[in-house]
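These notes are about the structure you will find just below.
The values are calculated or read from the model by the stated rules, or taken from the named source; none is laboratory data. Computed from a predicted structure; not experimentally measured. Positions of Cβ are backbone-derived with ideal geometry, glycine not excepted, and every protein chain shown enters the neighbour counts.
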Amino acid sequence: MKQLLTIFLCLIAATASTVAQTRIKAADIIKQINEGRIVQYSNVEIEGNLDLTDLQNRSLDRKVNNWLSDNDHGTYESVVEVPVNFTNCTFLDDVLAYYHLERRHETYVAHFEKDVVFKDCVFKKGSEFKYSEFNGAATFSGCTFNDPANFKYAEFSSGPSFSNTKFESGADFKYTEFPRGTSFEKASFHGLANFKYSKFRSPLNLDGVAFKGNEDFKYTKIDGDSFTSYLLSKQ
């Protein structure tokens, strides 16, 4: 009996160890990317802003001199050159692939050279992917965005997956171009779902998508035709 009890307690401890999330520093992930090591985490909490725009390979893409000011204006780009995979992770602070410094008229953007996977993750705070280019696969399936998710002007080389994704405070996909195979299957939008000026290519999976707040599909197109008409045909 004592041996069985010991085995039972060991099983409970192993299960608890599996369920409990380990906390890691966002800065350690940035260091890993800079060293060219594949990023792959499961069941962890990430503490601190994950600033993907601040990599060692950051360079000035466009510089415009302002003769009325001593400030330099430009866009600085970083490239995540390794695959990124987060499964069942919680981001406690901002995830930044974009930000803009109004005072200095500078924009910082991160692009992704390889596959990007965020699966069943929780974004507790900001998530900025404005202007980001995804040159590999892009997956955000099963994620929960507590704050508005910003994918404005994002570019995808292949159809991204937002299946079963929850946008608790809305999402901005304005001007985003979606390739064939994009999926928003069973995604739910609370707040504003902004797809104004976006472009889709069929096939597109919208099965079970729920718009529980406001949505904006003004000037949105699919295969060059009206997206509103497309939505009506699916009802």
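Scanning the stretch 214-233 for residues that are surrounded by 15 or more Cβ atoms within 10 Å (Cβ to Cβ) and either assigned to a strand (DSSP E or B) or among the small types (Gly, Ala, Ser) (or both) gives Glu215, Asp216, Lys221, Ile222. Report whether or not Phe145 is of a type in the set (A, V, I, L, M, F, W, C) and more than 15 Å from Val95 (Cα to Cα). It is false that Phe145 is of a type in the set (A, V, I, L, M, F, W, C) and more than 15 Å from Val95 (Cα to Cα). Looking across the stretch 26-47, just one residue is in contact with a Pro (Cβ under 9 Å, 6 or more places away or on another chain), assigned to a strand (DSSP E or B) and aliphatic (A, V, I, L, M), and that is Val39. Cβ-Cβ below 7 Å, separation at least six or inter-chain, first residue in the stretch 106-118 and within 24 Å of Leu60 (Cβ to Cβ) and aromatic (Phe, Trp, Tyr), second at pLDDT 95 or above and in a loop (DSSP other than H, G, I, E, B): which pairs? From residues that are within 24 Å of Leu60 (Cβ to Cβ) and aromatic (Phe, Trp, Tyr), the pairs are Tyr108/Thr53; Phe112/Ser132; Phe112/Asn135; Phe112/Gly136. Residue count for the stretch 83-117 satisfying the condition of being in contact with a helix residue (DSSP H, G or I) (Cβ under 9 Å, 6 or more places away or on another chain) and farther than 16 Å from Ala26 by Cα: 0.
Taking the condition buried (at least 19 other Cβ atoms within 10 Å of the Cβ) and among the β-branched types (Val, Ile, Thr), does Thr182 pass? Step through it out loud before you land on a result.
Numbers: buried (at least 19 other Cβ atoms within 10 Å of the Cβ): yes; among the β-branched types (Val, Ile, Thr): yes.
Spelling it out, Thr182 is indeed buried (at least 19 other Cβ atoms within 10 Å of the Cβ) and among the β-branched types (Val, Ile, Thr).
Within the stretch 81-95, the set of residues being among the aliphatic types (A, V, I, L, M) and either within 15 Å of Glu133 (Cβ to Cβ) or not in a loop (DSSP other than H, G, I, E, B) (or both) comprises Val84, Val95.
Given the condition modelled with pLDDT under 95 and out of contact with any Leu (no Cβ under 9 Å at 6 or more places or on another chain), answer yes or no: does some residue in the stretch 71-84 qualify? There is at least one residue in the stretch 71-84 that is modelled with pLDDT under 95 and out of contact with any Leu (no Cβ under 9 Å at 6 or more places or on another chain).
Does Tyr131 meet the test of being more than 27 Å from Asn43 (Cβ to Cβ) and touching a residue at least 24 places away in the same chain (Cβ under 8 Å)? In short, yes. Name the residue that is surrounded by the fewest Cβ atoms within 10 Å (Cβ to Cβ), counting only residues in the stretch 97-144 that are aliphatic (A, V, I, L, M), closer than 13 Å to Val79 by Cα and under 11 Å from the mean Cα position of the chain (by Cα). So the residue we want is Val116.
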